[in-house]
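The values are calculated or read from the model by the stated rules, or taken from the named source; none is laboratory data. This is a predicted model, so every value here is computed, not measured. Positions of Cβ are generated from backbone atoms using ideal geometry, with glycine treated the same way; all protein chains shown enter the neighbour counts. Calculation scope for accessible area: heavy atoms of the full protein, side chains included, ligands and nucleic acids excluded. Shrake-Rupley method; radii C 1.70, N 1.55, O 1.52, S 1.80 Å.
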Amino acid sequence: MLTSRKGPAFETPGAEGGKLPEVRELAEGCTRCDLYRNATHLVFGEGPAKAEVLFVGEQPGDKEDLAGKPFVGPAGRLLDRCLEEAGVDRDLCYVTNAVKHFKFTPRGKRRIHSKPNTGEVQACAWWLAAELRLVRPKLAVALGATGLYSLLGRQAKVTRDRGTILQSPDGLPVLVTIHPSALLRTLNQPDAELNRARFVDDLRKIAEFLE
């Protein structure tokens, strides 16, 4: 297992608090970056307080922002189905994002996803660090480049490291894979089923690791 450099989530002490609800309550008033100004809700992580697996995505999307819950939109539903195929119990996983507020560009009545920048990820690492400290998972799963950066910094790359388990300097194993939203963008392409099958194969490594 290769050791990678620290990402922002391991470079900050993180928010204080002895339990996740306490940290979530603190996060509700977060003004560490400007994204809170236009978001409907803060979207904190959800799942068992001592989950063995912790997923880190990029940021909440439109559906998540409106519901105030992570991974409830199309990408989240696809993740649920793929986890089931991979033999991973979704109810035993903690899911969160590198950034807790929805960043978007208005386009008519629609809100178009806009990728968080480095400063926003670093600011929000304050909350992710607390989640990691309190949940203490056996394995983290980085879903896409932003989630991976938040955990392991710029040295780790999704295209190069996908399907492998890297280790943070703090000892946390991190499985690298894509974000399920990437599959949604390729649904009409000829290799859509192949891409989905590869993602499910990545997720199967979770159960293998926990055996």
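Below, the figures for the structure above:
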item	result
So Ala197, is it touching a residue at least 12 places away in the same chain (Cβ under 8 Å), open to solvent by 20 Å² or more (accessible area, probe 1.4 Å), not in a loop (DSSP other than H, G, I, E, B) and not polar (S, T, N, Q)	no
Whichever residue in the range 177-189 is part of a loop (DSSP other than H, G, I, E, B) and touching a strand residue (DSSP E or B) at 6+ places or on another chain (Cβ under 9 Å) and, among such residues, is farthest from Gly73 (Cα to Cα)	Ile178
Output for the range 53-77, where each listed residue is in contact with a Phe, Trp or Tyr (Cβ under 9 Å, 6 or more places away or on another chain) and under 21 Å from Ala207 (Cα atoms)	Val53, Leu54, Phe55, Gly57, Phe71, Arg77
Residue check for Tyr149: within 16 Å of Gly47 (Cα to Cα), at pLDDT 95 or above and not small (Gly, Ala, Ser)	no
Spans of strands (runs of 3 or more DSSP E) in the range 46-107 with at least 1 residues surrounded by fewer than 17 Cβ atoms within 10 Å (Cβ to Cβ) and among the charged types (D, E, K, R)	104-107
All positions within the range 20-45 that are basic (Lys, Arg) and either crowded, with 17+ Cβ neighbours inside 10 Å or in contact with a Leu (Cβ under 7 Å, 6 or more places away or on another chain) (or both)	Arg24, Arg32
